[in-house]
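Take a look at the structure below.
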Amino acid sequence: MNMKKIVATLLLGSIALVLAACGNESSSSSPQQPTTRNQGEATESKGSVETEYQALFQNSVFVGDSITEGLSFHDVLKEENVLAGAGKTAEFALQDMAELTKRDPEHIFIHLGSDDILWPTDNPKTYSLKNYAKLIGIIKEKLPQAKITLLSVTPVTAEAEELEPRYKNINDYNQGLKELAEKENIGYVDLSLIFSNGSNNLYDSDGIHFKPEFYTRMLDLLKDQVE
């Protein structure tokens, strides 16, 4: 009887040693640990860049259309710093003035016009700029301390222009926008400077909207407006 107990004890001890050895081997050879750590480092690095922009523009609001909306869609800025939506024109943006006043920003960047150019009226430029001026007037009245900066309509690719010939009017529209800014004594920034080296790789597949890198370049261009 005592001999059976001794044999059973030895067998259990051997099994425990084997299981422990397998567990140690599995832990030391696991290929997942370095991968998980690297991914965490990459996420932390990406987050620090985004936080830098978010901190810099924390007292700003970007008013605009679906192109402007990319700032929050790509998590470059927080949603409270973007007041934009697909199809927005200068006329439709007038409906957002109560919300803009509520947010009470120090800096207001207006990036409209891409949809205004396509508006079905006899003279889209004149119609749009009239509403643009009205928009600026309301902002000056409701938020007199805010600094207003108009942003030029971004260019589209040659393929997008071929599909929609009205985009050929972008330069002419921007000239009117620049003159409006001078008349209203507010800021104007030409975003075409971002494309000075022919960076077509910044465009999304439709040749109109943009990838995240465009927005970080745009904010780099606008840093002087808020610093």
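What residue, of Ile194, Ile108, Ile138, is hydrophobic (A, V, I, L, M, F, W, C) and in a strand (DSSP E or B)?
Answer to the selection: Ile108.
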| note | Exception for Thr121 within (1) modelled with pLDDT under 95; (2) closer than 19 Å to Asp204 by Cα falls at (2)
| field | Filter result for Asp224 (out of contact with any Cys (no Cβ under 7 Å at 6 or more places or on another chain), assigned to a helix (DSSP H, G or I), at pLDDT 95 or above and of a type in the set (D, E, K, R)) | value | no
| task | State whether one or more residues within the stretch 112-135 are outside any helix (DSSP H, G or I), in contact with a helix residue (DSSP H, G or I) (Cβ under 9 Å, 6 or more places away or on another chain), under 21 Å from Lys223 (Cα atoms) and open to solvent by less than 10 Å² (accessible area, probe 1.4 Å). | result | yes
| message | So Ala86 passes all but one of these: (1) among the hydrophobic types (A, V, I, L, M, F, W, C); (2) over 22 Å from Pro155 (Cβ atoms); (3) outside any strand (DSSP E or B). Which condition number does it fail? | response | (2)
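Could you please give the count of residues in the stretch 183-201 that are of a type outside the set (Ser, Thr, Tyr) and at pLDDT 95 or above?
Here the count works out to 8.
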| If you scan the stretch 142-176, which residues turn out to be among the aliphatic types (A, V, I, L, M), more than 18 Å from Ser199 (Cβ to Cβ) and either within 24 Å of the chain's Cα centre (by Cα) or not in a helix (DSSP H, G or I) (or both)? | Leu143, Ala146, Ile148, Leu150
| remark: Flagged in the stretch 71-109 as surrounded by fewer than 21 Cβ atoms within 10 Å (Cβ to Cβ), touching a Ser or Thr at 6+ places or on another chain (Cβ under 6 Å) and within 14 Å of Gln58 (Cβ to Cβ), in numbering order, are Glu79, His107
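The values are calculated or read from the model by the stated rules, or taken from the named source; none is laboratory data. Source: prediction; values computed, not measured. Counting neighbours? That spans all protein chains shown, and the Cβs are built from the backbone with ideal geometry, glycine included. For the accessible areas, the whole protein counts, side chains as well, though only heavy atoms, and no ligand, DNA or RNA atoms are used. Shrake-Rupley method; radii C 1.70, N 1.55, O 1.52, S 1.80 Å.
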